[in-house]
Amino acid sequence: MINLKAMGRVFFGIPILVFGLQYLSYGRFARGLPPVPPWAPGGAAAAYLTGALLLVTGVCILANVHVRLSAAVLGMFCFLCVVALHTMRLRTVIYQGGERTGALEALFLASAAWVLAATSSSGLRIFRGWQRFTDVLGKVGLYLFAFSMLIFGAQHFMYAAYIATLIPAWMPAHLFLAYFTGTAFIAAAIAIASRIQARLGAALLGLMFLLWTVLLHAPRVFAHIHNKDELTSLFVALAMSGGSFIVAGAVSKSR
């Protein structure tokens, strides 16, 4: 039987590590690179600190070392990016799809990291009630995960014509696939929030993201080998696949 949580942890840890390396390489906040918006203050110093944090937490998650602590810290950092940075331009986030996607990706990373933290071994005891605290984060993370998937699904209906242009030419019925994907997002969100077939919904969502990584993003990376944005998009999709499998492994009880 496939260990969804272990597979998800690997698929999630690799992108976090890569994002950290990208921040360290760029020395700045870049558009499309989660979880920090490109206009965030702090300059190169803040970008390097962000890169170091993502690199360390990514390595720990990937190596399965102090995962509860690493994932909890990662989740809190990503959530802080949402509430303290992305919401500084809340009107733009609400009305512009690109800005909204950036905020949702950061929220997704936070939610998946918290679910991973709650389902990992205790490890270091940071303070009294640490395990209970991270368990609560995991429960909150499940609902934030479902919320982010719900909005992603709605966006596929709002921008279906544009999304259809991103689908490889060899695939048929581009517009139908855009709507189908949006429907799958919304169905998975409802399943996870209601705990009705939540494991199945999250697992299928993870499979969908994994297929995107292989069939959609990987060819685009090889076709534009020097385009850093395409590389980032590939690892965002892989992180979403990993996060979905983590959630699938966490919601073992479904109605």
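Tabulated results
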item: Ellipsoid equivalent to region 172-231 - semi-axes via the Cα gyration tensor, in Å; result: 28, 14, 9
item: In nm, spacing of pseudo-spin labels at residue 207 and residue 169 (7 Å Cα→C-beta vector); result: 3.0 nm
item: Probe 1.4 Å, protein heavy atoms only - accessible area per residue of the chain in square angstrom; result: 48 Å²
item: Gyration tensor over alpha-carbon atoms, region 1-141, equivalent ellipsoid semi-axes in Å; result: 25, 17, 14
item: Of all accessible heavy-atom area on the chain, the percent that carbon and sulfur account for (1.4 Å); result: 70 percent
item: Listed residues 88, 171, 240, most fluctuating in the chain (Gaussian network, C-alpha, under 10 Å); result: 171
item: Dipole magnitude (debye, nearest 20) for the chain, charges at Cβ of Lys, Arg, Asp, Glu; result: 660 debye
item: Whole-Hz couplings from phi, Karplus 6.51/-1.76/1.60, listed for region 64-79; x for Gly and Pro; result: 6, 10, 6, 5, 4, 5, 4, 5, 5, 5, 4, x, 5, 5, 5, 5
item: Sites matching trypsin sites (Lys or Arg not before Pro) across region 128-233 that sit in DSSP coil, with at most 14 neighbouring C-beta atoms within 10 Å; result: 128, 195
item: Filtered chymotrypsin sites (Phe, Trp or Tyr not before Pro), region 117-210: DSSP coil and at most 12 other beta carbons within 10 Å; result: 127, 170
item: Mean ellipticity per residue at 222 nm, deg cm²/dmol - from DSSP H runs of n ≥ 4 across the chain, formula -39500 (n - 2.57); result: -24500 deg cm²/dmol
item: Where the Cα pairs of the chain fall when distances are cut into 5 Å bins, in %; result: 1, 7, 13, 18, 20, 18, 13, 6, 2, 1, 0, 0
item: More than 22 angstrom apart: percent of Cα pairs within region 138-255; result: 35 percent
item: Sparse-neighbourhood loop sites, chymotrypsin sites (Phe, Trp or Tyr not before Pro) in region 1-103 - DSSP loop, at most 13 other Cβ within 10 angstrom; result: 39
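The values are calculated or read from the model by the stated rules, or taken from the named source; none is laboratory data. This structure is a prediction, so every number in the text was calculated from the model and none was measured. Here Cβ is always computed from backbone atoms with ideal geometry, including for glycine, and neighbour counts include all displayed protein chains. Areas reflect the complete protein model, heavy atoms only, side chains present, ligands, DNA and RNA absent. Shrake-Rupley method; radii C 1.70, N 1.55, O 1.52, S 1.80 Å.
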